[in-house]
Structures are given as structure tokens and as C-alpha cells.
Amino acid sequence: MTALTLSTSSAATLRADAVVVGVAKGPKGPVVAPGAETVDAAYDGKLASIVETLGASGAEGEVTKLPAPAGFKAPVVLAVGLGEAPVKDGDGRFDAEALRRAAGAAARALSGAKKGAFALPVQDAEDAAAIAEGALLGAYTFTAHRSENGTKKGNGNGAPLAEVAVLGAKPRDKAFKAAAERAATLASEVNRARDLINTAPNVLDPKAFAAAVQDAGKEHGLKVEVLDEKALKKGGFGGILGVGQGSDAPPRLVKVAYTHPKADATLALVGKGITYDSGGISLKPAGHNETMKCDMSGAAAVFAAVVAAARLGLKVNVTGWLALAENMPSGSATRPGDVLTMYSGKTVEVLNTDAEGRLVLADALTRASQEKPDAIVDVATLTGAMVAALGNRTFGIMANDDAYRTAIHEIAEEAGEPSWPMPLPTHLRKSMDSPVADLANIGERMGGGLVAGLFLKEFVGEGITWAHLDIAGPAFNESGPFGYTPKGGTGSAVRTLVRLAERTAAGDLG
Ligand code: BES
Ligand code: MN
Ligand code: ZN
């Protein structure tokens, strides 16, 4: 874990491996961003022209390393691109996401180093928090499966930057302290989700996932209840059991609850936790199954968000429901054509065993509804169709309430997570009509993400506000790292869920 400190020291005198400065894209080339004035002065005001000579333009994510000026304690200055400079007649402020991304790219470039001093633009506590959050997220590395030897070979997956010092941030100021603490908590919980997602599926099966929740529950004072396969059978959780029955690693339904004694509202979060999605008997072809350990990203996000709510002491109850199963083909697996009796009592004809997420979520949604929360939000890597629609960086939001969908879209934006509202066209529902059961688990192929959303809607309790986040695109980054987003598990939706919990606690959601 990367440590975070706030400091009002000057960039010259702070003992660090590198001083990070911002360079923005101006109309006539790179311009030095606020926060780096003293550094620029030490280069005789030539920092912008020096980085330009080295090929930098100030574009987002660009990283340029140069020797520090004489007299600096740090040997290196790392100039990071902030993208377009804010327009002159505005407030001259870089938006929080630009700061997060630049800090993240810089922290990533400092992997293996002990300390980075971040001299990026800070006008207030919010800016300092954005820099801290971006740096702590960007510093993330996943080394759990590497041997000593493998890690030392340095294949870009070494130790994270050990310490982030945010300059221009008053360590004893209440607002700065609180904002930095929130940023550190948020980043460590996003990184908790990333760790779970990146863990190999032979290691993180449903039982191991449940054990991880129990451990964190003890540490953070959460109430954890685990239904194992026996309890699931007794309870009639036909959806979760039907998906899990092909695997040697049996399914679990985990409830993890944070409660505040003075809470006025309860938010229920439901996560898809397929620890590996082979497709089942409707087997995925090679090329489509290599990254399917990421199919528990929704459950990881929900788990991390509940722990974050507890660590932040939010005045709201947050209950997480993790529907954990491994989707495997075998002699005991559900066949295409089987009919499952769900926890709600509805029957579902399974026509495609690869549409398994909606089956486990359906049972968890019914169970969550029984406790009559004020709202339910589910998070799932649910459909390839959503990836086709919105790409790899944006999640889709569907809901049974327009205002709630809009609110979550705005909250995600504030949190720094790209999302887009999607409809639930009622005419698509009949495409899931089954000749033998109440409904089928697949329907019209076009608009498949919306069909999946309509399936889930059937299992939400009457009168409960509900939203569904399909994070199949942004959950797992198969290309190169960018900004504060690493390769592999991203922790998508964690920050949105935490902000949603904060807004629910504040009682300002419609
Ligand atoms: N886990 C997949 C969806 C997915 C695709 C997640 C790509 C991440 C990246 C899901 O279980 C699935 O297989 N969905 C099917 C549904 C179809 C059979 C109706 C899909 O999208 O193809
Ligand atoms: Mn699937
Ligand atoms: Zn899946």
C-alpha cells in the first residue's frame, strides 16, 4: 500500500525520488501548471521550453523525466501532461479528473521508487484530494501471484511507489486532512476490488471470496452472513444453484452489512460474482474466456463500497449482497432447456447457460427486496452487448425510475467514472417469453444489454427504486494502462457506489 502525506514544503527541499510537476497544453505549446512555480524558477523559467525540446506538448498522460535543477534534494523532475489548460477567463482551475489522471500517470511512471513529491495545481482541499486519489490509484500494482524471482525481473509489475507527498496541501488544516483521508480510503477500497478481480479464478472461488468478506467484516465491524450450498438449497435459491451446479467449487450468497445507529435510509447493493465464466454448456470459444475471472467485478465493487462506507462512517445503512458462483460445464451443469425455479418462485427456462449473471442476480435481487431497502443498485459485468454499445470505458445505467438513473449518472460523473443512461424498452420483454416457463433467460439479441436489464427488473420487489449498472466494458482493462487505470481489474463502480452512499446519507436524492 502506498502511503499518503500532505506537505507545505518546497519542491526543492523535500527529500524524494522525484518531483512531479504539471504541464498543460497551451495554444502555442506546453505551459507550466500552477504548483511548479519554484521548480520553473530553478530552471530559470525555461521548464516549458525544456520539456517542449524533449518532445512534450502537455497532452494528457504524457510523462517526461528530466534531471532536477542544482540544489534540489530530489534527483529527478517528472513533468506530466494535464491536457488542455483551463481557459483564461474561467477560474483557472483544472478539473478534478484531469488532476487524478495526471497524478495517476506520474505515480505509475514512478513504480519501484520510494517517494514522489507531487507539485501539481492545488487551489483547495478538493484539488489535493483529486491528486491523492489519482496517485494512489495509479500507483497500484498486482504482484500476489509473482514469485520473488519473477517480480525482481522487473516486467512492469514491480512494487508500487511507496509514498505520495502532495505539496501545497496543509497537513494540519481540517478540510485538507478530511479530504485526504477520504481519498486514501477510496483508493484503498478501489484497490481491494482490483486485487480480488486480478486474483486467479483457481484461487478466488466462491468460498474463498466469502472468506475474504468474513475477514474484512471482522476488521471493519460489518455483519457478514454466508449461505453455503446447503443453505441455498434449503432456501430455494434456484438461480444461484443452477448456475453453480456445474462447478466443483459450490456457490455462495453473501450478505455484508454496514449499519449506522442514526441512519435514516438503507441502500442495498447487489453484485454479480461469477468467479469464472466459462459460459457453461453454452461454452465460450477460445478468445472469449481468457479474462473471464473478471466476471465477479460487480461483487468486488459492492464489497469494497460497503467496507468504504464503514471506514468513512457514513450515516446510512449499506447492505451488500454478493451472488457468488462459478459457471462451468460438466455432467452436473445446467443444460440449455432446463427450467429453474428461482428464489422468487418464478420459473426460468435456461436457453443459454452463458446468460448466467442475470440468474444469480435475480435471486439476490429478490432476497435484497425482502428487506425493503429504500433503493437497490446492482452492479454486473452482464453483457457483451453493453460493451458493443458503450465501449471499454463507459458503463451503462438502467433503472425503474428516471430521476434515480439521472442522479446516478451525475454521481458517477462527479466520482470520475464515465457512464451513460440506457432505456428499458418494455416491448423487448416479450422476446423473453418461454413456451414452457414464466420467462426465458435470453431474448432479442439486438439491444441485449437492455433485455438483460428487463430480465433483472422482473425480480425487483414492488415499489422499490432500482438501478442496474452494466460494467462489462470498464471492469477489466485488456489494453495498456492509462491515467490512474491499470491493466487488468479496474475497480469500476466502487467510487460511484461510495458517492451514492454519501449522497443517500445526506438525504439529497430525489
Ligand atoms: N460475463 C458475460 C458478459 C461479459 C462480456 C463480461 C464481455 C465482460 C466482457 C456474460 O455472462 C455473458 O456471457 N453474456 C452473454 C449473454 C448472451 C448469451 C445473451 C453475452 O453478452 O454474450
Ligand atoms: Mn456468461
Ligand atoms: Zn458472465
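The values are calculated or read from the model by the stated rules, or taken from the named source; none is laboratory data. Remember, it's a predicted structure, so these values are computed and weren't measured experimentally. Cβ sites come from the backbone with ideal geometry, for glycine too, and all protein chains shown count toward neighbours. In case anyone asks, the SASA skips ligands and DNA or RNA and just uses the protein heavy atoms, side chains included. Shrake-Rupley method; radii C 1.70, N 1.55, O 1.52, S 1.80 Å.
Residue count for the range 44-89 satisfying the condition of being assigned to a loop (DSSP other than H, G, I, E, B) and of a type in the set (V, I, T): 1. Within the range 313-350, the set of residues being open to solvent by 50 Å² or more (accessible area, probe 1.4 Å) and of a type outside the set (S, T, Y) comprises K315, M328, P329, G331, R335, P336, V339, K346. Answer yes or no as to whether A24 is out of contact with any helix residue (DSSP H, G or I) (no Cβ under 7 Å at 6 or more places or on another chain), under 14 Å from A79 (Cα atoms) and assigned to a strand (DSSP E or B). Yes.
Matching residues to (1) under 18 Å from the mean Cα position of the chain (by Cα); (2) surrounded by 23 or more Cβ atoms within 10 Å (Cβ to Cβ); (3) farther than 26 Å from L314 by Cα:
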position	(1), (2), (3)
D127	no, yes, no
I131	yes, yes, no
A184	yes, no, no
P206	no, yes, yes
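Among residues of the range 469-484 that are not assigned by TED's automatic domain parsing to the domain that holds E133 and among the polar types (S, T, N, Q), those with a Cβ under 8 angstrom from a residue that is open to solvent by 10 Å² or more (accessible area, probe 1.4 Å) and part of a loop (DSSP other than H, G, I, E, B), sequence gap 6+ or separate chain, pair up as N477/N392; N477/P486; N477/K487; N477/T490; S479/N392; S479/K487. Number of residues in the range 218-240 that are without any contact (Cβ under 8 Å) to a residue 40 or more places away in the chain and either open to solvent by 60 Å² or more (accessible area, probe 1.4 Å) or not β-branched (V, I, T) (or both) equals 12. Restricting attention to the range 260-280 and to residues that are over 24 Å from A193 (Cβ atoms) and away from ligand 3 (no atom under 14 Å from the Cβ), the residue that is surrounded by the most Cβ atoms within 10 Å (Cβ to Cβ) turns out to be D264. Just one residue in the set A375, A364, A325, A385 is within 13 Å of G242 (Cβ to Cβ), modelled with pLDDT of 95 or more and in contact with a helix residue (DSSP H, G or I) (Cβ under 9 Å, 6 or more places away or on another chain); that residue is A325.
For D295, indicate whether it is closer than 27 Å to T496 by Cβ, at pLDDT 95 or above, part of a helix (DSSP H, G or I) and over 20 Å from the mean Cα position of the chain (by Cα). So D295 fails the test.
Within the range 320-339, track down each residue that is hydrophobic (A, V, I, L, M, F, W, C) and in a loop (DSSP other than H, G, I, E, B). If the condition is that a residue be hydrophobic (A, V, I, L, M, F, W, C) and in a loop (DSSP other than H, G, I, E, B), then M328, A333 are the ones that fit.
Each row is one residue, and each column tells you yes or no for (1) touching a Ser or Thr at 6+ places or on another chain (Cβ under 8 Å); (2) open to solvent by less than 10 Å² (accessible area, probe 1.4 Å); (3) farther than 23 Å from L161 by Cβ.
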site: Y43; (1), (2), (3): no, no, yes
site: A48; (1), (2), (3): no, no, yes
site: V51; (1), (2), (3): yes, yes, no
site: A59; (1), (2), (3): no, no, no
site: V63; (1), (2), (3): no, no, no
site: A68; (1), (2), (3): no, no, no
site: P86; (1), (2), (3): no, no, yes
site: A98; (1), (2), (3): no, no, no
site: R101; (1), (2), (3): no, no, no
